[in-house]
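Worksheet: one structure, shown below.
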C-alpha cells in the first residue's frame, strides 16, 4: 500500500533550482535510504516532504489527496510524518520528558496524565527512562538524539524522516542512535533516512536512492545500488566513502 | 468636523527656527562637554586608587539611576542656592546633560578600553612607551572606533532629552511650540507640526547613524581579515 | 548655608501622595508599554507586508520623537480631535506607553530573531501552528534573553514618569516642586526627590547588571 506519492517535485531558492522534478512513491513498511554528495538536494527533498521547505512546484499526495498549502493542511501532514533532525533541535527549556510530551499536549491536546504516560513509554523505548527529568543541556549528543526520536515517535507517525541523524555526533555515540533506529526498522516502521552511514543503509534499508544534482540518479535494492551500481557517478560517490564494510 | 488651519502656525516660523537652533545648540554643547568629562570619569573609574575610582563610580551610578528631569530641576533650582551663583536655563541644561552624557560615555569608554587586548598594552610598553602614551597613542584610538555606534545612539537620545529644557523656560523647539499654541489658539496644528519637525530631524540623524554604523561594520571587518 | 530637611519631612504626606501617583503611572505604562510592544514586535517580525509596514512605521515614529512632545501632544492637541477630556494621567500614560511599546518592540523582535531556526523546525515538524510554536517554544526561550533589556526598559519607564509633571500630574517630582515653592527649600526638596528615585531604582539597576553577567556566563 502506498502511503506517499511525490510527483514532479521542484524546489527553487530564488533562481537556483535545487530539485528538478522528483517522482517517488513510498510503500508502507519501506525503509528508504537517500544518499548523495553534499549539495545534491537530499536534505531539501526530505524537508519538502513535511513542508519544512515549501515545494516550488509538484504534488505531494497523501491518502490519494494532494496536500494543499493552507496551514491546516500542512499541520495535518506534519502530525502524520515525524522528523528527526541532524542538530536534534530539542527544546532547551523543557526536560526530556517535557520535550516528548510537548506535541501530545499542545498539538493533540491530550491530558497531562495521558501525555506523561505515553512519553514515559517512548523514553523507555529509546532506553532513557532514567533521564526523564533531565534538561537537554545535561544530555550527551547521543542521548539528545534518542530523546528527539522519542519525541517524534510519541506522535505515532505513519512515516518517519531522519535528516542525517548521526552526522552531528561524536563517533563513539553514533552506535546507540543507530541501534534505536534499527529497532524501529525491526518493528516494520516506514522511514526515509538521509545518511552517510553506508553500512547501516545496506543492512537496514529496503531501498536505496542515490541523488545527484537534484535528480534521482539511481535507485534499487541496497545490493543493487551499493554493491553493483550501474551509474558512473554512483560508483564515484561510493568510492569516496570506502570506509564502509558490509 | 474640525477645520485644520496650519497658516497661523507657519506665520510664526522664526520662533520655530530659533527653537530648533537652540535645541541643536544644547545638544551639541552637552555632547562635546559630555565626551571630555566622560573620558575623565572613565579614567578615574579605572584607576587602581579607590579614592579616585569610588567617587567616579558614584557619580556615574547617580546620574544613570535618577530621572533626567529631576537632575535638571536640581541644577536649576537647588544648585544656585548652594554655590551662590545665578543659573541661566541654558547653563543648567548644559551642565545637567553634560554630566548625564558623561556618566553614560564613561561606561562606554571603560568598556571600550577594557575590550582592547592586553597584547596591545604590552606591545606599547615593550617599545618603551609610558602608561599615558600607550593609552593615548595605542589603546584609545582603537577603543574610540568601537565606541562610535554607542556615541551616535547617545547623541540621538540626547536630542530627544533636550526637550526637558522647555520646562525651565529655555526657548527650545518644544518651548516655541507651547508659545505658538498659546498665541494662535491652535495647539493641534502647532504640536503636530513640532512633532513632525522633531521626527524629521531625529529620524534623519538616525538614518545617517545607521549608514555610518554599517560602513564601520564593513570597514572593521575588512581590517580584521 | 545650612541644610534643613525638617521642612521636607513635615511634608512627607505630600511626598507619599506623589509616590503613589508615580507608582500608578509606572504600573499602567509598564503593562501597556510592554504588552503593546509584544504585539508590535511580532508585527515587525512578520513577513506579511500589511503587518510589517504599520508596525515599522509605529516603531520609527515613536522612537524618533521625544516622549515629552508626545505627552504634550496628547494633552493639548488630542482633546481637539476627540469628544472627551484627556486627563493628565491619560496623556502621560499614552505618551509613555506608546514610546515604551516602540522601544520594547525592538527588544522582542531581536529576542525572537536570536532563537535558532531549528527550534522553529522542530515545533512545526510536530504539527504546531505558528502561534503555538511562538507561545510554547520560541517566546519562553527568548524572554530569558530579553529579560535584562526589558528590565532596563522598566527602569526607563520609571524615570520617564517624572515627565508627567509637565502636564501637572501629581507624582513625586510634581510634589517636590510643590514643597519647594511652599517652603522655599528647593535644595532639600529636590535632593530628597532625587534620593528617593535613586534608592528605588538602584537595586533594580544592580539586578540588571547581575542578569546580564549571568546570561553572558550561561551562553
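Please find, within region C:43-66, the residue that is farthest from residue C:108 (Cα to Cα) out of those that are at the interface with chain B (Cβ under 7 Å from one of its Cβ atoms) and part of a helix (DSSP H, G or I).
Of all residues in region C:43-66, those at the interface with chain B (Cβ under 7 Å from one of its Cβ atoms) come to C:60-61, C:64-66.
Add one more test, that the residue is part of a helix (DSSP H, G or I), and what stays is C:60-61.
Numbers: C:60: 15, C:61: 18 Å.
Residue satisfying both the conditions and the ranking: C:61.
If you check C:170, C:193 for being touching a residue at least 12 places away in the same chain (Cβ under 8 Å), over 30 Å from residue A:109 (Cα atoms) and under 19 Å from the mean Cα position of the chain (by Cα), only one passes: C:170. Determine whether region C:147-157 contains at least one residue that is in contact with a strand residue (DSSP E or B) (Cβ under 6 Å, 6 or more places away or on another chain) and within 14 Å of chain A (Cβ to nearest Cβ). Within region C:147-157, none of the residues are in contact with a strand residue (DSSP E or B) (Cβ under 6 Å, 6 or more places away or on another chain) and within 14 Å of chain A (Cβ to nearest Cβ).
Quick check: anything in region B:89-112 surrounded by 20 or more Cβ atoms within 10 Å (Cβ to Cβ) and not in a helix (DSSP H, G or I)? No.
Got a number for residues in region C:175-190 being in contact with a helix residue (DSSP H, G or I) (Cβ under 6 Å, 6 or more places away or on another chain) and in contact (Cβ under 8 Å) with a residue 40 or more places away in the chain? Show your work before the answer.
Taking region C:175-190 as the starting set, the residues that turn out to be in contact with a helix residue (DSSP H, G or I) (Cβ under 6 Å, 6 or more places away or on another chain) are C:175-176, C:179-180, C:183, C:185-190.
When the remaining residues are screened for being in contact (Cβ under 8 Å) with a residue 40 or more places away in the chain, the result is C:175-176, C:179, C:183, C:185, C:187-189.
Total satisfying the criteria: 8.
Does region C:82-95 contain at least one residue that is surrounded by fewer than 22 Cβ atoms within 10 Å (Cβ to Cβ), within 12 Å of another protein chain (Cβ to nearest Cβ) and under 30 Å from residue C:172 (Cα atoms)? Looking through region C:82-95, at least one residue is surrounded by fewer than 22 Cβ atoms within 10 Å (Cβ to Cβ), within 12 Å of another protein chain (Cβ to nearest Cβ) and under 30 Å from residue C:172 (Cα atoms).
Among the candidates C:48, C:129, C:109, single out the residue that is out of contact with any strand residue (DSSP E or B) (no Cβ under 6 Å at 6 or more places or on another chain), surrounded by fewer than 20 Cβ atoms within 10 Å (Cβ to Cβ) and under 27 Å from residue A:99 (Cβ atoms). Step through it out loud before you land on a result.
On the way: C:48 fails: under 27 Å from residue A:99 (Cβ atoms); C:109 fails: surrounded by fewer than 20 Cβ atoms within 10 Å (Cβ to Cβ).
Exactly one residue qualifies, and that residue is C:129.
Within region C:122-132, which residues are more than 7 Å from every other protein chain (Cβ to nearest Cβ) and within 13 Å of residue A:71 (Cα to Cα)?
C:130, C:131
Counting only residues that are touching a residue at least 60 places away in the same chain (Cβ under 8 Å) and within 20 Å of the chain's Cα centre (by Cα), which one in region C:133-146 is nearest to the other protein chains (Cβ to nearest Cβ)? Walk me through how you get there before you give the answer.
First, the residues of region C:133-146 that are touching a residue at least 60 places away in the same chain (Cβ under 8 Å): C:134, C:144-145.
Pick out the ones that are also within 20 Å of the chain's Cα centre (by Cα) and you get C:144-145.
Numbers: C:144: 8, C:145: 11 Å.
Restricting to residues being touching a residue at least 60 places away in the same chain (Cβ under 8 Å) and within 20 Å of the chain's Cα centre (by Cα), the top hit is C:144.
Out of A:186, A:213, one residue alone is surrounded by fewer than 21 Cβ atoms within 10 Å (Cβ to Cβ) and free of Cβ contacts under 8 Å to residues at least 24 places away in the same chain. It is A:186.
Is it the case, given these coordinates, that residue C:172 is modelled with pLDDT of 90 or more, in contact with a helix residue (DSSP H, G or I) (Cβ under 9 Å, 6 or more places away or on another chain) and away from chain A (no Cβ under 14 Å)? The answer is yes for residue C:172. Go through region A:113-148 and give me each residue that's out of contact with any helix residue (DSSP H, G or I) (no Cβ under 6 Å at 6 or more places or on another chain) and touching a residue at least 60 places away in the same chain (Cβ under 8 Å). Hit for region A:113-148 is A:148, nothing else.
Go through C:161, C:165, C:181 for me and flag whichever is closer than 25 Å to residue C:92 by Cα, more than 19 Å from the chain's Cα centre (by Cα) and more than 14 Å from chain A (Cβ to nearest Cβ). Talk me through it step by step, then tell me what you get.
Numbers: C:161 fails: more than 19 Å from the chain's Cα centre (by Cα); C:165 fails: more than 19 Å from the chain's Cα centre (by Cα).
Selected residue: C:181, the only one of C:161, C:165, C:181 that is closer than 25 Å to residue C:92 by Cα, more than 19 Å from the chain's Cα centre (by Cα) and more than 14 Å from chain A (Cβ to nearest Cβ).
Report the residue count in region B:157-206 for those that are more than 19 Å from the chain's Cα centre (by Cα) and not in a helix (DSSP H, G or I).
Filtering region B:157-206 down to residues more than 19 Å from the chain's Cα centre (by Cα) leaves B:169, B:175-197.
Right, trim to not in a helix (DSSP H, G or I) and you get B:169, B:185-186.
Here the count works out to 3.
Once region C:1-29 is narrowed to residues that are surrounded by fewer than 13 Cβ atoms within 10 Å (Cβ to Cβ) and closer than 16 Å to residue C:173 by Cα, the residue that is farthest from the other protein chains (Cβ to nearest Cβ) is C:13.
The values are calculated or read from the model by the stated rules, or taken from the named source; none is laboratory data. No experiment lies behind these values; they were computed from the predicted model shown. Please note: Cβ atoms are built from the backbone with ideal geometry, for glycine as well, and neighbour counts cover all protein chains shown.
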